[in-house]
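All remarks here apply to the structure that follows.
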Amino acid sequence: MTPLKARQERFCRRFTEFGGATTAARAAGYAPRWAKTAGYRLLRHPRIAARIAEIEAETARLHSRGSEVLVGKLENVYRRAVVDHQFNAAARAVDLQARIRGFTGQAPLADGADTECAEWPDGRNANGGRGSRPTACADPRRTRRGGSEFGGF
């Protein structure tokens, strides 16, 4: 199979970059007056459609490789945090790893509290202490009259 012409290759790359056939045709060097027609015609060409699919697959593969590097770095942060008894940082690292990998099924806390203020099943809070929650976890809107976190304004 013969390779694509330079302008067709530019169209494929620009299409994956911009997502629109008309914009990609203009950026690839097709006449602005006929860019809409050229974009439509090019997208219907089987070799161009196949090349666009190849470029998108290559981009996805490169992106997943980058995310795996980030997950690996976060794993190091997690292990160091556990060794240093920084359980809040460890939980945050696990949360970020899950978000990077696309796990979005986070269940909200029953009482609607912030995750940094949540208590573990054994009575400890997320900051590692026992008993009452630290003052940093208190709702700032409840500390002043007027109910506003901006000083009652």
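The values are calculated or read from the model by the stated rules, or taken from the named source; none is laboratory data. As the structure is a computational prediction, the values presented were derived from the model and not from experiment. Here the Cβ positions follow ideal geometry from the backbone for every residue, glycine too, while neighbour counts run over all protein chains shown.
Of note:
- Against the list (1) among the β-branched types (Val, Ile, Thr); (2) at pLDDT 90 or above; (3) touching a Ser or Thr at 6+ places or on another chain (Cβ under 8 Å), the condition Ile48 fails is (3).
- Residue match in segment 55-64 (condition: part of a helix (DSSP H, G or I) and surrounded by 14 or more Cβ atoms within 10 Å (Cβ to Cβ)): yes
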